[in-house]
Amino acid sequence: MSTRRAITEPRWVRLLLTTVALLFLGCFLALPLAAVFVEAFAAGVPAYLKALSEPEAMSAIWLTLLVAAIALPCNVLFGVAAAWSIARFEFRGKAALITLIDLPFAVSPVVAGLVFVLLFGSQGLFGQWLSAHDIKIIFAVPGIALATLFVTFPFVARELIPLMQAQGRDEEEAAVSLGASGWQMFWRVTLPNIKWGLLYGVILANARAMGEFGAVSVVSGHIRGETNTLPLHVEILYNEYNQVGAFAAASVLALLALVTLIAKTVVEWRMRHETEMLSASLSPEAAGAPPAAASAAR
Amino acid sequence: MSIEIRGIGKRFGNFVALDNIDLTIPTGELVALLGPSGCGKTTLLRIIAGMESADSGHVLFSGEEATHLHVRDRHVGFVFQHYALFRHMTVFENVAFGLRVKPRHERPGDADIRRRVTDLLKLVQLDWLAERYPSQLSGGQRQRIALARALAVEPKVLLLDEPFGALDTRVRKELRRWLRRLHDEVHISSVFVTHDQEEALEVADRVVVMNQGRIEQIGTPDEVYSTPASPFVYRFLGDVNVFHSRLHGAWAEIDRSPAGLAANGGDGDALAFIRPHDIDIERVEQHGSLAARVQDVHAIGPAVRVELAHGSELIEVELTRERANGLALIRGDQVWLRPRQVRVFAAESAGEEGGSGI
């Protein structure tokens, strides 16, 4: 106790720091968030609902959901496969793979979008072949999905690699030595052990997928009612001085952010809980403790 | 089921983990692989289990080729050092796992699984913990559950990696007696890895002493302790005093006193190994005894440990309390040492790390 007191700052320092932090949060996070909702409902609830039920708004919401629904399963597949190979096997190019996974974090989203235009656009590398076969990628849903995939793919893998490395191979080897096939081992042992980390990664990837602007903006072509996602829709309405419409659409995104935050907190809490269980099960504690005491300690 | 290992070799890069190992484990025996860390004992165990593949050599189960058999087809029960219990499953489900993942036509019914798991939990005396999770168990309980889980699939061989390594001393002693009794009850060929000589000597029918990827000696606990085949085994199994010695043909001497028969003959420098309890201390000089001066006397439990200086060498002698009381040794006393049992190895085979190794 005395050591804790000894390193504690004076009361006024603590108050000052707390106030600064809270003020900062208020000015730059809470205030803008509140402003979104205030502006969205400025013309009343009916106008808000009407703005959201416009065909173009509905189409933007639908497209955003569709793109997320395409990107997330791909991310789960890729993330689990990449994390598994990195955490479980030694192979040539492992370091390169780890670096590559981080690439989308390092590259500007606009550049990412541009890369796809250069590859699949009408003047691009595969442009002629694609138009000859009547396949549209740029300025269409496939392009938006590709761009979204590019910017979101590190999330799941990044979350799972350290988790799987920490857990080690023992449980999987135990499952196989007990006669489990590869699939049985994956479904019954590996997946249950990584499920919270996986969910956490998916939540982060989802938030990014639905909110992505830069990369999608480059490849979308801004065709109203067809290739506008929610963030693009917000920008268009705002540029047309349609305050209520822009902020109504923005409020949907803001709401999504809040849901993401709550889901993230819940999952983080569950993960911490499991990590505690994990560390408890690894500690070479004394085995002599009577079971009654062990259960009481929980 | 018997296990035969023929010429197994394994390298990790430049490091030779196993160097041409030959070993036969007869049906029903409990065998200890004993050695310091890094001697290859765990690698050998994992090769027997099929979790590691050997670079060369063969593994035979009951005389049949098993070298390239997959882990899941070997029917071995493996108990991991840190137990590797499935942490998201209850104790019951952990033990039932091996039965539930069997192919449909072999899989027992639910009632059958319940009965077999309950029987196993009774065997390890933990049936009252069935609904707990691994994190709610103590280390010793986890160890026994890991054992029950491995036994559930009725393995032909049981392999245990440092089974008591992560437990405290008291529990370790209890558990190893329990493992010995369990082995006598279920009687399946078992191999366990340990670096603890006491554990190996107490539990195993046969001890395989390993060092630097090679087998130094195979024998019953009594054989490896009382007639070690090499200086390494002597040093590794219990405390030992090492005297500088000279060989004259089959005879060795320490300080011009005849000390005993040499294990490998020849002429030249040699090292004589004597266990602390194989030396007697006397007040009067006799033929063949060595002069020493008492440096310290510790009473440790039932024994009394005496440290003496013999020239520049430090000697440790273990006496019974009765004997020590009769001698009434105090620091600085001039006494005479009389070795009861000596083994002499030529210096080159004893290695460079001579001196008085305790």
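Pairing each residue of region A:35-51 that is among the polar types (S, T, N, Q) with any residue that is loosely packed, with under 11 Cβ neighbours inside 10 Å and at pLDDT 90 or above, provided the two are 6+ apart or on different chains, yields no C-beta distance under 6 Å. Of all residues in region B:91-103, one or more are in a helix (DSSP H, G or I), touching a Ser or Thr at 6+ places or on another chain (Cβ under 9 Å) and aromatic (Phe, Trp, Tyr).
Do we have B:GLY7 as small (Gly, Ala, Ser), more than 9 Å from every other protein chain (Cβ to nearest Cβ), part of a loop (DSSP other than H, G, I, E, B) and in contact (Cβ under 8 Å) with a residue 12 or more places away in the chain here? When the stated conditions are applied, B:GLY7 does not pass them. Only a single criterion out of (1) at pLDDT 90 or above; (2) more than 9 Å from chain B (Cβ to nearest Cβ) is not satisfied by A:GLY214, namely (1).
Among the residues making up region A:168-187, a single one is in contact (Cβ under 8 Å) with a residue 12 or more places away in the chain and surrounded by fewer than 20 Cβ atoms within 10 Å (Cβ to Cβ): A:ARG169. Looking at B:ASP161, is it within 11 Å of chain A (Cβ to nearest Cβ), under 30 Å from B:PRO228 (Cβ atoms), modelled with pLDDT of 90 or more and under 14 Å from the mean Cα position of the chain (by Cα)? It is true that B:ASP161 is within 11 Å of chain A (Cβ to nearest Cβ), under 30 Å from B:PRO228 (Cβ atoms), modelled with pLDDT of 90 or more and under 14 Å from the mean Cα position of the chain (by Cα).
Given the residues B:VAL153, B:VAL79, B:VAL117, B:VAL95, which is the only one that is surrounded by 23 or more Cβ atoms within 10 Å (Cβ to Cβ) and more than 27 Å from A:ALA166 (Cβ to Cβ)? Can you show your working first?
Numbers: B:VAL153 fails: surrounded by 23 or more Cβ atoms within 10 Å (Cβ to Cβ); B:VAL79 fails: more than 27 Å from A:ALA166 (Cβ to Cβ); B:VAL95 fails: more than 27 Å from A:ALA166 (Cβ to Cβ).
Of B:VAL153, B:VAL79, B:VAL117, B:VAL95, the one residue that is surrounded by 23 or more Cβ atoms within 10 Å (Cβ to Cβ) and more than 27 Å from A:ALA166 (Cβ to Cβ) is B:VAL117.
In this structure, is B:ARG177 in a helix (DSSP H, G or I) and either more than 24 Å from B:LYS41 (Cβ to Cβ) or more than 12 Å from chain A (Cβ to nearest Cβ) (or both)? When the stated conditions are applied, B:ARG177 passes them.
Let's see how each residue does on (1) closer than 20 Å to A:ILE144 by Cβ; (2) in contact (Cβ under 8 Å) with a residue 12 or more places away in the chain; (3) surrounded by fewer than 16 Cβ atoms within 10 Å (Cβ to Cβ):
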site: A:ARG208; (1), (2), (3): yes, yes, no
site: A:ILE223; (1), (2), (3): yes, yes, yes
site: A:PRO231; (1), (2), (3): yes, yes, no
site: A:VAL234; (1), (2), (3): yes, yes, no
site: A:TYR241; (1), (2), (3): no, no, yes
site: A:LEU261; (1), (2), (3): no, no, yes
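B:LEU121 - would you say it is more than 9 Å from chain A (Cβ to nearest Cβ), in contact with a Phe, Trp or Tyr (Cβ under 8 Å, 6 or more places away or on another chain), more than 21 Å from A:ASN193 (Cα to Cα) and assigned to a helix (DSSP H, G or I)? So B:LEU121 passes the test.
When region B:130-150 is filtered for residues that are part of a helix (DSSP H, G or I) and either surrounded by fewer than 20 Cβ atoms within 10 Å (Cβ to Cβ) or in contact with a Ser or Thr (Cβ under 9 Å, 6 or more places away or on another chain) (or both), the ones remaining, listed by number, are B:PRO134, B:SER135, B:GLN136, B:GLY139, B:ARG142, B:ALA150. The residue that is nearest to the other protein chains (Cβ to nearest Cβ), among those in region A:176-209 that are of a type outside the set (Gly, Ala, Ser) and in contact with a Leu (Cβ under 7 Å, 6 or more places away or on another chain), is A:ILE194. Is it the case that some residue within region A:142-149 is within 14 Å of chain B (Cβ to nearest Cβ), more than 19 Å from A:PHE89 (Cα to Cα) and either at pLDDT 90 or above or crowded, with 20+ Cβ neighbours inside 10 Å (or both)? No.
When you scan region B:184-207, do you find a residue that is assigned to a loop (DSSP other than H, G, I, E, B), surrounded by fewer than 23 Cβ atoms within 10 Å (Cβ to Cβ), under 17 Å from the mean Cα position of the chain (by Cα) and of a type in the set (A, V, I, L, M), even just one? Checked region B:184-207: no residue is assigned to a loop (DSSP other than H, G, I, E, B), surrounded by fewer than 23 Cβ atoms within 10 Å (Cβ to Cβ), under 17 Å from the mean Cα position of the chain (by Cα) and of a type in the set (A, V, I, L, M). Condition check for B:ARG104 on (1) within 10 Å of chain A (Cβ to nearest Cβ); (2) without any contact (Cβ under 8 Å) to a residue 12 or more places away in the chain; (3) over 25 Å from B:GLU52 (Cα atoms): one failure, at (1).
Can you name the residue in region B:42-90 that is of a type in the set (A, V, I, L, M, F, W, C) and part of a strand (DSSP E or B) and is also nearest to the other protein chains (Cβ to nearest Cβ) among such residues? This residue is B:PHE78.
For region B:25-41, a residue qualifies if it is over 22 Å from B:PHE232 (Cα atoms) and assigned to a strand (DSSP E or B), and the qualifying residues are B:ILE25, B:LEU30.
The values are calculated or read from the model by the stated rules, or taken from the named source; none is laboratory data. Not measured: the values here are computed from a predicted model. Using ideal geometry, Cβ is built from the backbone for each residue, glycine included, and neighbour counts are taken over all protein chains shown.
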